1. Residues Leu58, Leu65: which one is at pLDDT 90 or above and either surrounded by 12 or more Cβ atoms within 10 Å (Cβ to Cβ) or of a type in the set (Asp, Glu) (or both)?
2. Does any residue in region 15-26 that is surrounded by 15 or more Cβ atoms within 10 Å (Cβ to Cβ) come within less than 7 Å, Cβ to Cβ, of a residue that is of a type in the set (S, T, N, Q) six or more places away or on a different chain, and which pairs are these?
3. Tell me which residues, restricted to region 54-69, are under 18 Å from Thr26 (Cβ atoms) and touching a helix residue (DSSP H, G or I) at 6+ places or on another chain (Cβ under 8 Å).
4. Considering region 1-13 alone, what residues qualify as being within 14 Å of Lys51 (Cα to Cα) and loosely packed, with under 14 Cβ neighbours inside 10 Å?
5. For a quick check of your reading of the model, give me the residue pairs whose first member lies in region 55-71 and is within 16 Å of Ser17 (Cβ to Cβ), whose second is among the acidic types (Asp, Glu), with beta-carbon atoms closer than 6 Å and at least 6 apart or on different chains.
6. I'd like to check something: does region 26-48 contain any residue that is closer than 17 Å to Phe70 by Cα, assigned to a loop (DSSP other than H, G, I, E, B), modelled with pLDDT of 90 or more and in contact with a strand residue (DSSP E or B) (Cβ under 9 Å, 6 or more places away or on another chain)?
7. May I ask you to list the residues in region 16-25 that are assigned to a strand (DSSP E or B) and either touching a strand residue (DSSP E or B) at 6+ places or on another chain (Cβ under 8 Å) or of a type outside the set (D, E, K, R) (or both)?
Amino acid sequence: MAVPFNVIIRGPATSCSIEVDGRKVTMEELLAIARPEVRSGRRAHVDSDMKETPYRCLGGAIYTLQMAGFKDVGFVAELPSNKR
């Protein structure tokens, strides 16, 4: 199985950030970086902390990865401790 293309999304809403390989990127940069990474059978993986990250940041990143050509985008979120 191919290694996933990992993206980390962090909040808060006023300044959510996207990281790829430890580097902060914009949505436009994410699109440019992700396009060459799309390969047959490869999937994208989004990781986020749901305590502070708004859904609009997560949705934007997932949509951008789909625009880049990923057919499979996995998502893992850490739930707030009061929801466990």
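1. So the residue among Leu58, Leu65 that is at pLDDT 90 or above and either surrounded by 12 or more Cβ atoms within 10 Å (Cβ to Cβ) or of a type in the set (Asp, Glu) (or both) is Leu65.
2. Cys16/Thr53
3. Listed by number, the residues that qualify are Pro54, Arg56, Cys57, Gly60, Ala61, Thr64, Leu65, Met67, Ala68.
4. Hits for region 1-13 are Pro12, Ala13.
5. none
6. Yes - at least one qualifying residue is present in region 26-48.
7. Ser17, Ile18, Glu19, Val20, Lys24, Val25
The values are calculated or read from the model by the stated rules, or taken from the named source; none is laboratory data. Keep in mind that what you see is a predicted model, and the values were worked out from it rather than measured. Backbone-built Cβ (ideal geometry, glycine too); neighbour counts: all protein chains shown.
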